[in-house]
Structure formats: structure tokens, C-alpha cells
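No lab work stands behind these numbers, since they all come straight from the coordinates. None of these values were measured; they are calculated from a predicted model. Neighbour counts run over all protein chains shown; Cβ positions are idealised from the backbone, glycine included.
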Amino acid sequence: MQQYLRFQRYDDPSRQITTQIHPDISIDEVHGFAYASPIKVGDDDTPVEDWPIYFIGNIPQISEMEDPNIPGRKALLLEVFLIRQEEWELFMIPESIHYIQEMEKLVDRKSLSLN
């Protein structure tokens, strides 16, 4: 099954509105995108050093879509949600990330008590 990567930029700290900032990219494998990691995304006609810096702003989502290149076939879509570097401080940590962080702390405490 073909896979595509889509970069969505959050337009405001509510995380309710996004804008696709790059055409979908055909990929061979799903990559890991960790929350708060920096990434450069830009126009293919612009040198990479001139691309703006974003931060991964949430947990990526995987969904199924119609393959744009093969009518009648399905493809996987990996959506990565980004925040502009200069706006990073305006965004609160999403609830899903808070939950994961709390679960990690719980697991760490339990593993320490078992040793």
C-alpha cells in the first residue's frame, strides 16, 4: 500500500485550524516524528537553508485515503502537525502528550520499585 506524508501547520494555539504547507510526499516507510522536535519544511524550489523551522506540535495521525495516483486504490496518509518556531511558546502542551508523559512517569516509578 502506498504511503503519503502531509505537513499541516497549526494556524493558532487552539489547534482547531490547520493549513497544508507542502504538497503530499510519497514515502516508502512511515518515519518517526517526536513531539517538540524541530523540522525544516519548505518549497522544493527554495534552498533548504532558507526553509523555515517548525516544531512537531502533536502526535502524528495515520489514516486511509484514496491514492491520488491509482484510482480505486487506497493509500496510507501520515499527517504531521507543525508549529512555527516563532509561535512555539504560544502553544500549550496537548492533552494527549500530557497523558503520555504521565504514563511514562508511572512506568518509571513502577520499574524503580521492582528493582
(message) I'd like the antiparallel share, as a percent to the nearest 5, of DSSP beta bridges with both residues in the chain.
(response) 70 percent
(request) Counting other Cβ atoms within 10 Å, keep those with at most 16, restrict to DSSP loop, and tell me which GluC sites (Glu not before Pro) in the stretch 16-115 are left. (result) GLU29
(message) For the chain, take the longest principal axis of its alpha carbons; what is the angle in degrees between that and the long axis of helix 95-114, to the nearest 10 within 0 to 90?
(response) 40 degrees
(message) Spelling out what I want: for every residue of the stretch 32-48, take phi, set θ = phi - 60°, compute 6.51 cos²θ - 1.76 cosθ + 1.60 (Karplus), and round to whole Hz; glycine and proline get x.
(response) x, 10, 8, 3, 6, 6, x, 8, 9, 9, x, 5, 4, 7, 9, x, 3
(request) May I ask you to sort VAL107, VAL41 by Cβ crowding, counting other Cβ atoms within 10 Å and putting the fewest first? (result) VAL107, VAL41
(request) Sticking to Cα atoms, compute the Rg of the chain to one decimal and its Dmax as the biggest Cα-Cα distance, whole number, in Å. (result) 17.0, 56
(request) Could you grab the relative contact order for the chain? Cα pairs under 8 Å, six or more apart, rounded to a whole percent. (result) 27 percent
